[in-house]
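The values are calculated or read from the model by the stated rules, or taken from the named source; none is laboratory data. Everything numeric in this text was worked out from a predicted model, so none of it was measured. Glycine gets a Cβ as well: all are built from the backbone with ideal geometry, and neighbour counts include every protein chain shown. What goes into the accessible areas is simple: the full protein's heavy atoms, side chains included, and nothing from ligands, DNA or RNA. Shrake-Rupley method; radii C 1.70, N 1.55, O 1.52, S 1.80 Å.
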Amino acid sequence: MKTLIEAKKVKAYYVLEIFGKQRTVRAVDEVDLDVLEGSIHGIAGESGCGKTTFLKVLFAAVEPPLRMVDGKVYYVDGTKAIDLYSVEESERKRFRWSFASYVPQGSMSVLNPVLKIKDTFRDFISSHLKGKNKNEAYEMAKEHLKELGLPFKILDAYPHQLSGGMRQRVTIALATVLKPKVIIADEATTALDVVTQRAVIQLLKDIQTWQHSALVLVTHDMGVHANITNLLSVMYAGKVIEEGRTEELFDNPKHPYTQYLIKSLPRFGDRSKRESPPGSPPSLLNLPSGCAFHPRCPFKMQKCEKEQPTTFKVSESHKVACWLAEG
Ligand code: SF4
């Protein structure tokens, strides 16, 4: 499979003034990730582990107080690899939405409440595709809704006249109307009921298949990862601590944190108590020494408190950052 986005040793930190002192939040710390054409790549982990910040980096949406401190992100367009953070902002803007698009947590942050949906589509399309007039943009929006099986009448509605689920579908339609190569979705089903969640996830999956794009899906819901992703990266305290083919990670999780995330999933017919990781994730302002998971880990060794684990290969496609895998 072709690589569409290549992230190498990315460090993205928030630099904040707290009570007159400069503090650094290491939200993303030395993260590598390849987004492959045709893949559905899940990113899992509890809240506050750096998932959303990493998506901002992939979507070229790094704004103060967030800073790209080190590392590279390449968008690979045909035979050209664009070093995203070394080109001008105007150039980055050109790739945003057309090469990689973003579906955020809340649909209302994308849809203008005082514009009808059709006007949001017209403005969005004509601002990105120079030369498309408003009528052509409207026809393009209609055609895209038809492909997605969404009713045309929503174009005449204001966002508040639609249900939460329909607004999220509209957001997805808007994010994919320019046929981006990569769709980045951040907790796209939060605050939706279970049935709507399934429909929204299915819509994203269908678009990924039709457009032969890649889908990067952030969710803390391991059930969603198990059902639709084919590659999975687990993040903890700003780092990827385990990654591989989803099937491999679910069958043979190596990191104690991944094991907890999988054990916390409800299973049909099993009434035993689900196990979640003890305690809570550390503050990214003040990370524990050594392995950041050590205060919560039942298998910690002396070494874990002092030395950050290196990444070990479990198989060609499976890696883990844990001293237990040292062999
Ligand atoms: Fe636990 Fe040590 Fe592995 Fe960290 S490196 S997860 S503390 S065993």
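For Val69, enumerate residues with amide H under 5 Å from its amide H, sequence gap 5+ or separate chain, H modeled in the peptide plane.
Lys11, Ala12, Tyr13
Just to confirm a number: summing +1 for Lys and Arg and -1 for Asp and Glu over residues other than Ser101 whose beta-carbon lies under 11 angstrom from that of Ser101, what do you get?
Once all neighbours under 11 Å are counted, the net charge is +3.
Under 8 Å for C-alpha pairs, at least 6 residues apart: give me the relative contact order for the chain, rounded to a whole percent.
For the chain, the relative contact order is 20 percent.
Rounded to the nearest percent, how much of the accessible area of the stretch 228-327 (1.4 Å probe, protein heavy atoms only) is carbon and sulfur?
50
Treating only the Cβ of Lys, Arg, Asp and Glu as charged (+1, +1, -1, -1), what charge dipole size does the stretch 173-258 show about its Cα centre? Round to the nearest 20 debye.
With only Lys, Arg, Asp and Glu charged at Cβ, the dipole is about 280 debye.
Looking at the stretch 179-327 from every direction and averaging, what is the projected area of its Cα convex hull in nm²?
Here the figure is 10.9 nm², rounded to one decimal.
Starting from the eigenvalues of the Cα gyration tensor, five times each then square-rooted, give me the equivalent ellipsoid semi-axes of the chain, largest first, whole Å.
Equivalent ellipsoid semi-axes, largest first: 35, 23, 19 Å.
So what J values fall out for the stretch 314-326 if you push phi through Karplus, 6.51 cos²θ - 1.76 cosθ + 1.60 with θ = phi - 60°, rounded to Hz, Gly and Pro as x?
Once θ is set to phi - 60°, the couplings for the stretch 314-326 become 8, 8, 4, 10, 10, 10, 9, 9, 7, 5, 5, 8, 5 Hz.
Hey, can you find the accessible area per residue of the stretch 207-255 for me, probe 1.4 Å, expressed in square angstrom?
Accessible surface, normalised per residue, equals 35 Å².
Rg to Rh for the stretch 1-112: what is it, with Cα atoms only and Rh by Kirkwood?
We get a ratio of 0.98 for the stretch 1-112.
What is the sum of charges around Asp123, taking Lys and Arg as +1, Asp and Glu as -1, for the other residues whose C-beta is under 12 Å from the C-beta of Asp123?
+4
Given H placed 1.01 Å from N in the peptide plane, which residues other than close sequence neighbours of Ile43 have an amide H under 5 Å from its amide H?
Placed amide hydrogens put Leu217, Val218, Thr219, Ser233 under 5 Å from Ile43.
What is the dipole size for the chain, taken about its Cα centre, with +1 at each Lys and Arg Cβ and -1 at each Asp and Glu Cβ, in debye to the nearest 20?
For the chain, the charge dipole is close to 400 debye.
Leaving ligands, DNA and RNA out of it, work out the accessible area of Ile201 with a 1.4 Å probe and give it in Å² to the nearest 10.
20
Along the positive direction of the dipole of the stretch 1-121 (beta-carbon charges: Lys, Arg +1; Asp, Glu -1; about the Cα centre), which of Phe121, Phe99, Tyr14 reaches farthest?
Toward the positive end, the furthest listed residue is Phe121.
Quick check: at a probe of 1.4 Å, how many percent of the accessible area of the stretch 155-217 sits on carbon and sulfur atoms?
53
With a probe of 1.4 Å, find how much accessible area the stretch 66-123 has per residue, and write the answer as a whole number in Å².
Heavy-atom accessible area per residue stands at 53 Å².
If you wrap a convex hull around the C-alpha atoms of the stretch 47-117 and split its volume per residue, what is the figure in Å³?
138
Quick one: net charge around His160, please, counting Lys, Arg +1 and Asp, Glu -1 for every other residue with C-beta under 13 Å from its C-beta.
Value of the local net charge: +2.
List, in order, the whole-Hz ³J(HN,Hα) value for each residue of the stretch 172-182 obtained from phi through the Karplus relation with A = 6.51, B = -1.76, C = 1.60 and θ = phi - 60°; use x for Gly and Pro.
Along the stretch 172-182, the couplings run 5, 4, 5, 5, 10, 5, 8, 6, x, 7, 10 Hz.
Pulled fully out, how much extra length does the chain show between Glu147 and Leu178, if you take 0.36 nm times their separation in residues and subtract their Cα-Cα distance?
So the chain would gain 9.9 nm between Glu147 and Leu178.
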